Amino acid sequence: MNISDSIKYIGVNDHKIDLFEGQYIVENGMAYNSYLVLDDKIAVFDTVDSNFTEEWLNNLKEQLGSRKPDYLIVQHMEPDHSAGITIFMDTYPDAVILSSAAAFNMMKQFFGQDFSDRRILIKDGDSLSLGKHSLTFVSAPMVHWPEVMVTYDSYEKVLFSADAFGKFGALDVDEDWACEARRYYIGIVGKYGMQVQNLLKKAAALDIETICPLHGPILHDNLSYYINLYQIWSSYSVETDGVFIAYTSVYGHTKEAAKLLAKKLEENGCPKVAISDLAREDMAECVEDAFRYGKLVLATTTYNAGIFPYMKEFLDHLTEHNFQNRTVAFIENGSWAPTAAKNMKLLLEPCKNLTFAQNEVHIKSALNEESLTQLEELATELCVEYHS
Ligand code: FEO
């Protein structure tokens, strides 16, 4: 796969992986992208995961022919991109590494050496000429680790964007970009919206025609579509008008209430209703939906005087990822001392700019006339704006 006559793809697809970064289900695998820029001088952008360094080196050698690389540009030190550094430096003893000071510190930690005699230390705004290609390095701390930098090639108007604009999924599987890019973004960099906004501001000053991320497809066409989604996600704005109902249920009574609410929301004109059982569905997908929709309904049982474990875990993910700017409503169930609604609110205290719905649904074991009325009133409240 060629990006242009002089920029080549040398990455790999991983279909062996069970959990990406030790936690994310990736049914369609993962791509670890790496790029080669051929000019008077030759630069390689990042390496790949440790299980694929041999395949990657073969890809590199095939594209190089009889030439040798001059530079290894290390934009990110997370091992899915950095595991091949040592073997690359051993294979090409005349090559030099370019990276940030923070990245060289991490090399010392990961590999016991920081290549002090074969390196160029990069600061924000530094440039490197390969001949026609002129590379400018832009620091992008916390997108997704502190040492990260991205690189702009002004000759071909390419942004090598590190983890930004990546997605789950190998490149030999055809799937919707936004769905798996959103789950990837919210899960992996969702906490660092402000830092992503800073990077987007820097990128806005550049004339970009192609984005080459470290995961997922190379983006050429309609770049404003992807950049607009990144603007929405990183500013914690609402992407889709509608309600996401996240529930847990022990014997089915809370589930019944959640499903009934979904039906009533649709009857009341809610443009989109999504509903998930937190115990049975992919947690990362549920977290993604909480960030996607404008309103979130949390329905759970009281459990050991607190809340049911999967809901607790879900709320941990939300607070940890900086969940904010949303309307939240509560449905609680409890057969003797219901406290779930109060406890869910307490767990959401660190979140900024949440509006709690005035109507709550309090179920004592099973829905009855009183809680059905509360459910009706909550559906009406959540749909008021859709009628205006
Ligand atoms: Fe794809 Fe943050 O590593």
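For A246, are the conditions met, namely being of a type in the set (A, V, I, L, M) and either assigned to a helix (DSSP H, G or I) or free of Cβ contacts under 8 Å to residues at least 24 places away in the same chain (or both)? Answer is no for this residue.
Scanning region 283-308 for residues that are in a loop (DSSP other than H, G, I, E, B) and of a type in the set (K, R) yields a total of 0.
Residues in region 70-81 that are within 8 Å of the ligand (Cβ to nearest atom) and part of a loop (DSSP other than H, G, I, E, B) were compared, and the one that is nearest to P213 (Cα to Cα) is H76.
Look at (1) away from the ligand (no atom under 16 Å from the Cβ); (2) assigned to a helix (DSSP H, G or I); (3) buried (at least 21 other Cβ atoms within 10 Å of the Cβ) and you find that D90 fails only one, number (3).
When you scan region 124-163 for strands (runs of 3 or more DSSP E) that lie fully inside it, which ones turn up with 3 or more residues that are away from the ligand (no atom under 15 Å from the Cβ)?
Per the criteria, 127-129, 134-139, 149-153.
The conditions of being part of a helix (DSSP H, G or I) and touching a residue at least 40 places away in the same chain (Cβ under 8 Å) are met by Y184.
Considering every residue within region 57-69, establish whether at least one is assigned to a loop (DSSP other than H, G, I, E, B), within 16 Å of the ligand (Cβ to nearest atom) and either touching a strand residue (DSSP E or B) at 6+ places or on another chain (Cβ under 6 Å) or touching a residue at least 40 places away in the same chain (Cβ under 8 Å) (or both). Looking through region 57-69, none of the residues is assigned to a loop (DSSP other than H, G, I, E, B), within 16 Å of the ligand (Cβ to nearest atom) and either touching a strand residue (DSSP E or B) at 6+ places or on another chain (Cβ under 6 Å) or touching a residue at least 40 places away in the same chain (Cβ under 8 Å) (or both).
The residues on offer are G29, G11, G112, and the sole one that is within 16 Å of the ligand (Cβ to nearest atom), at positive phi and of a type outside the set (D, E, K, R) is G29. Within region 202-218, being over 16 Å from the mean Cα position of the chain (by Cα), in a loop (DSSP other than H, G, I, E, B) and within 16 Å of the ligand (Cβ to nearest atom) holds for one residue alone: I218.
Read-outs throughout are calculated quantities, based only on the coordinates presented, and are distinct from any laboratory measurement. Remember, it's a predicted structure, so these values are computed and weren't measured experimentally. Cβ coordinates were reconstructed from backbone atoms using ideal geometry, including for glycine residues, and neighbour counts include every protein chain displayed.
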